[in-house]
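Asks: I'd like to ask you about the structure that follows.
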Amino acid sequence: MNYETLTVEFAGHVATVTLNRPDVRNAFNEAMIADISAAFTALGARNDVRAIVLAGNGKAFCAGADLNWMRKMAGYSNEENHADALRLAQMLSAIYRCPKPVIARVHGDAYAGGMGLVCAADIVVAADTVNFCLSEARLGLMPATIAPYVIRALGEQAARRYFVTAEAFDCATALRLGLVSEAVSASELDATVQRIADTLCANSPNAVRECKQLVQDIAGTAIDDALIDDTAQRIARIRASDEGRDGVSSFLEKRTPGWRA
């Protein structure tokens, strides 16, 4: 898997996708947007990958949009701007809807669109020195394509503040708001990410995939008869699956399930 703006490495069942434009603080342009979309689509389809780590090379995790890319946008027509923004939105969707759990390893600052990458991940592990910022309003813009993911991660009330103020906030605030899953020292970052990845890989791959989909499908949904029946259908289906049967029987028989053998 060769990409212009990324590196992809494998260790066991874990793939690490690293943003690799350190000279521009991993700001994304058309090439990076295409690379990220392609990488997560490809990794999501691989049976040997059970978890994906999204990381950054250099001082920053991601500074948002590349300045040269932004200069090009200034001359775009409305139709060109829409097509360009749609590619960005589809990139975020590729991360969010990837069937494999995604851990964001945030070692440095995440600004603007970089916040979108963080919020599209399932689990966020950040160095406790990291700062976050939704800076679009300072430029006369708004964080539209990243908004669905940021609002889910931050909550509506915090998003109402940080969208309009464009204030930077620290890792402790991000942890309190629920954006960050774990905040650790820089020296503990890799070990923490590895521990979580190992935990994911020890679980049933099918169950992990179905659990991720379950949250996306029912979060915010009214608890009515249709939802109750839907959840009953899901548990019935997974009980009858190969991994479901193997998992329950291995627990009762005190043996290792097939996906860990």
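The values are calculated or read from the model by the stated rules, or taken from the named source; none is laboratory data. Since the structure is predicted, the reported quantities are computational estimates derived from the model, not experimental observations. Positions of Cβ are generated from backbone atoms using ideal geometry, with glycine treated the same way; all protein chains shown enter the neighbour counts.
Residues are listed down the side, and each one gets a yes or a no for (1) over 30 Å from Leu154 (Cβ atoms); (2) hydroxyl-bearing (Ser, Thr, Tyr); (3) surrounded by 12 or more Cβ atoms within 10 Å (Cβ to Cβ); (4) touching a His at 6+ places or on another chain (Cβ under 7 Å):
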site	(1), (2), (3), (4)
Phe169	no, no, yes, no
Glu182	no, no, yes, no
Val215	no, no, no, no
Ile228	no, no, no, no
Glu243	yes, no, yes, no
Asp246	yes, no, yes, no
Gly258	yes, no, yes, no
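Asks: To continue, here is another question. Report, by residue number, each residue of the range 37-82 that is out of contact with any strand residue (DSSP E or B) (no Cβ under 9 Å at 6 or more places or on another chain) and basic (Lys, Arg).
Replies: Within the range 37-82, Lys59, Arg71, Lys72 qualify.
Asks: To continue, here is another question. Closer than 17 Å to Pro99 by Cα and assigned to a helix (DSSP H, G or I), is that true of Leu175?
Replies: Answer is no for this residue.
Asks: What's the total number of residues in the range 155-184 that are in contact with a Gly (Cβ under 8 Å, 6 or more places away or on another chain) and not aliphatic (A, V, I, L, M)?
Replies: Of the residues in that region, 2 qualify.
Asks: Here are some residues: Glu188, Glu210, Glu156. Which one is surrounded by 13 or more Cβ atoms within 10 Å (Cβ to Cβ) and without any contact (Cβ under 8 Å) to a residue 12 or more places away in the chain?
Replies: One residue alone meets the criteria, Glu188.
Asks: For the range 183-217, enumerate the residues that are under 23 Å from Pro99 (Cβ atoms) and of a type in the set (Asp, Glu).
Replies: Within the range 183-217, Asp198, Glu210, Asp217 qualify.
Asks: Among the residues of the range 218-242, write down those that are polar (S, T, N, Q) and farther than 30 Å from Pro257 by Cβ.
Replies: Across the range 218-242, the qualifying residue is only Thr221.
Asks: Looking at (1) assigned to a helix (DSSP H, G or I); (2) at pLDDT 95 or above; (3) exposed (fewer than 10 other Cβ atoms within 10 Å of the Cβ); (4) not assigned by TED's automatic domain parsing to the domain that holds Ala172, can you tell me which one Leu252 breaks?
Replies: (2)
Asks: Among the candidates Glu9, Glu79, which residue alone is under 30 Å from Asn206 (Cβ atoms) and surrounded by fewer than 18 Cβ atoms within 10 Å (Cβ to Cβ)?
Replies: The unique qualifying residue is Glu9.
Asks: Select from the range 30-45 the residues that are surrounded by fewer than 22 Cβ atoms within 10 Å (Cβ to Cβ) and in contact with a Lys or Arg (Cβ under 8 Å, 6 or more places away or on another chain) and write down the one among them that is farthest from Thr192 (Cα to Cα).
Replies: Among them, the one singled out is Glu30.
Asks: I'm trying to understand the selection: among the residues of the range 212-226, which are part of a loop (DSSP other than H, G, I, E, B) and either at pLDDT 95 or above or in contact with a Leu (Cβ under 7 Å, 6 or more places away or on another chain) (or both)?
Replies: Passing the criteria: Thr221, Ala222, Ile223, Asp224.
Matching residues to (1) β-branched (Val, Ile, Thr); (2) under 28 Å from Arg234 (Cβ atoms):
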| site | (1), (2) |
| --- | --- |
| Ala112 | no, no |
| Ala120 | no, yes |
| Leu134 | no, no |
| Ala137 | no, no |
| Thr165 | yes, no |
| Thr173 | yes, no |
| Ser185 | no, no |
| Ala202 | no, yes |
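Asks: Still on this structure, please answer the following. Could you please tell me which pairs satisfy a Cβ distance under 6 Å, a separation of 6+ or placement on different chains, a first residue in the range 233-244 that is farther than 17 Å from Ile218 by Cα, and a second residue that is among the hydrophobic types (A, V, I, L, M, F, W, C)?
Replies: Taking only residues 6 or more apart or on different chains, the pairs are Gly244/Ile238.
Quick grid of which residues meet (1) assigned to a loop (DSSP other than H, G, I, E, B); (2) among the polar types (S, T, N, Q); (3) out of contact with any strand residue (DSSP E or B) (no Cβ under 7 Å at 6 or more places or on another chain):
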residue	(1), (2), (3)
Ile151	no, no, yes
Gln194	no, yes, yes
Ala197	no, no, no
Ile228	no, no, yes
